[in-house]
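Trainee: Below is a structure I'd like to ask you about.
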Amino acid sequence: MKEPDISIGIVNAQQIHFSLNGLFSAKGENVCGNQVVSFSEGGILWNDNLYKELTFNPLEKESSFSLYDVTIGINFHWERQETQSFMGTLKLVVDEGKITAINIIPAEDYLISVISSEMNATSSIEFLKAHAVISRSWLFAQIKKRKAMEKKDSGF
């Protein structure tokens, strides 16, 4: 069985500023460095062209991308904006009059990220293993649930 890719929405805004830290391909060209996309006329404006969606695929294993002004801790007393970096593919889509940045990564890479962000590095190895099993089980249950809902054509 092929490992599934996971799509995680990161930020939703009228304009998104990001940096491609390594070589990526998008719309037939190789790109890197600072980029800005803006919502315009119902699409994504990038390099003076309008797109329905835009995908930046890494061309090198070590390539990452950084999103600026990502809000973390939404609705908590410690809510703030910061720059966050991600491995994998960056997909930009139009959603409700804004652009949504989506990180697409293999499931196991996603789980490593979740576990490392939610657990203390000094936790016992058995506790970390238990968290990994629970996280993996939850993730695959969500994937199965989504597929079942899509088959029902329930508008999900």
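The values are calculated or read from the model by the stated rules, or taken from the named source; none is laboratory data. None of these values were measured; they are calculated from a predicted model. Neighbour counts run over all protein chains shown; Cβ positions are idealised from the backbone, glycine included. Heads up: the accessible areas ignore ligands, DNA and RNA and are worked out on the full protein's heavy atoms, side chains in. Shrake-Rupley method; radii C 1.70, N 1.55, O 1.52, S 1.80 Å.
Trainee: Kindly express, to the nearest 10 degrees and within the range 0 to 90, the angle between helix 125-151's C-alpha long axis and the longest C-alpha principal axis of the chain.
Mentor: Relative to the chain, helix 125-151 is tipped by roughly 60 degrees.
Trainee: Straight-line reach from residue 27: which lysines have Cα under 23 Å away, leaving out those fewer than 8 places along the same chain?
Mentor: Counting by Cα, and skipping residues close in sequence, residue 27 has these lysines nearby: 52, 61, 91, 98.
Trainee: How many angstrom lie between the C-alpha centres of segment 66-80 and segment 81-136?
Mentor: 15
Trainee: Report, to the nearest 10°, how far helix 107-118 tilts away from the longest principal axis of the Cα atoms in the chain, using its own Cα long axis and a range of 0 to 90°.
Mentor: For 107-118 against the chain, the angle is about 70 degrees.
Trainee: Toward the positive end of the charge dipole of segment 75-156, about the Cα centre and with charges on Cβ (Lys, Arg +1; Asp, Glu -1), which of 94, 77, 138 goes farthest?
Mentor: 138
Trainee: So, with a 1.4 angstrom probe, what is the percent of accessible area on the chain that is carbon and sulfur?
Mentor: C and S atoms contribute 52 percent here.
Trainee: Follow-up question, since we're still on this one. Using a Förster distance of 35 Å, how high is the FRET efficiency between residue 75 and residue 152, based on the Cβ-Cβ distance and rounded to 0.05?
Mentor: Calculated value: 0.65.
Trainee: Can you tell me the accessible area per residue over the chain, all protein chains present, probe 1.4 angstrom, in square angstrom?
Mentor: 65
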